[in-house]
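Have a look at the structure below, then the notes.
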Amino acid sequence: MRLYIIVLMLLTISISGFAGNKLSEKEKLVILGLLDEQVVAWNEGNLDEFMQTYWNSEKLVFVGSRGPTYGWQATLESYKKGYPNKVAMGKLNFKILEISKIDKKTVFVIGRFELTREIGDLTGHFTLVIQKIKGEWLIISDHSS
């Protein structure tokens, strides 16, 4: 009987721990809204606005085909170098494949990007770590390939 109570208690603790990491519908909508903001800014050719969804910190990391870039400003400069105008930027679309909560203030996103351009389309996948910092959800890590 004692073993049964201990197992039941451990099971209850485990389940309640996982429940705390479940993404609420409100959080999901906020995260999807953040990604929509990125698409709108990109499609307007506004990289400065696009970058507002990223954590403005030297600790931000973006990993692309050329390896990691550290820091918000360096990431912005890299985007501007790689996409100097609207022709190079084209039209962006995201397909979100998975959103999961890591902990109370951290979300992991897996998605696919599609860039339709006159100079040749680009497609690939991305993973994002999005964290709630001072009450605002921001991308702290982006790996796009």
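Quickly work out the T127-to-Q52 label distance, labels modelled 7 Å from Cα along the C-beta direction, and quote it in nm with one decimal.
3.0
If you place +1 on the Cβ of every Lys and Arg, -1 on the Cβ of every Asp and Glu, and leave all else neutral, what size is the dipole of the chain about its Cα centre, to the nearest 20 Debye?
Dipole about the Cα centre, nearest 20: 520 debye.
Using the beta-carbon distance between L23 and T116 and R0 = 41 Å, what value does 1/(1 + (r/R0)^6) give for FRET efficiency, to the nearest 0.05? Could the numbers behind the result be given before it?
Values: r = 30 Å, r/R0 = 0.72.
With R0 = 41 Å, the Cβ-Cβ based efficiency is 0.85.
Set the Förster distance to 30 Å, then compute FRET efficiency between Y70 and K104 from the Cβ-Cβ distance, nearest 0.05.
Given R0 = 30 Å and the Cβ-Cβ separation, E is 0.70.
Divide by every residue of the chain the summed helix terms, -39500 (n - 2.57) for each DSSP H run of at least 4, and state the resulting mean residue ellipticity at 222 nm, rounded to the nearest 500 deg cm²/dmol.
Values: 5 runs with 56 residues, N = 145.
Computed mean residue ellipticity for the chain: -12000 deg cm²/dmol.
For P(r) over Cα pairs in 10 Å bins from 0, in percent, pick the label among [x] 13, 46, 33, 7, 0; [y] 11, 40, 40, 9, 0; [z] 11, 37, 29, 12, 7, 4, 1, 0 that corresponds to the value derived from the coordinates.
[z]
State which entries of K26/K105; K26/K104; K59/K104; K26/K132; K22/K101 exceed 18 angstrom in Cα-Cα distance in the structure shown. Don't skip to the end; give the middle numbers.
Working: K26/K105 13 Å; K26/K104 13 Å; K59/K104 20 Å; K26/K132 14 Å; K22/K101 6 Å.
In this structure, K59/K104 lie more than 18 Å apart at Cα.
Quick check: pseudo-label points 7 Å beyond the Cα along Cα→Cβ at K81 and E37, how many nm apart are they?
Placing both labels 7 Å beyond Cα along the Cβ direction yields 2.7 nm.
Below 8 Å, C-alpha to C-alpha, sequence gap of six or more: please give me the relative contact order for the stretch 27-116 in percent.
Working: 107 pairs, mean separation 19.6, N = 90.
Relative CO of the stretch 27-116 lands at 22 percent.
Laboratory data are not the source of any read-out in this text; all were calculated from the coordinates shown. Predicted model, so just to flag it, every value in this text is computed and none were measured. All Cβ positions, glycine included, derive from the backbone under ideal geometry; neighbour counts span all protein chains shown.
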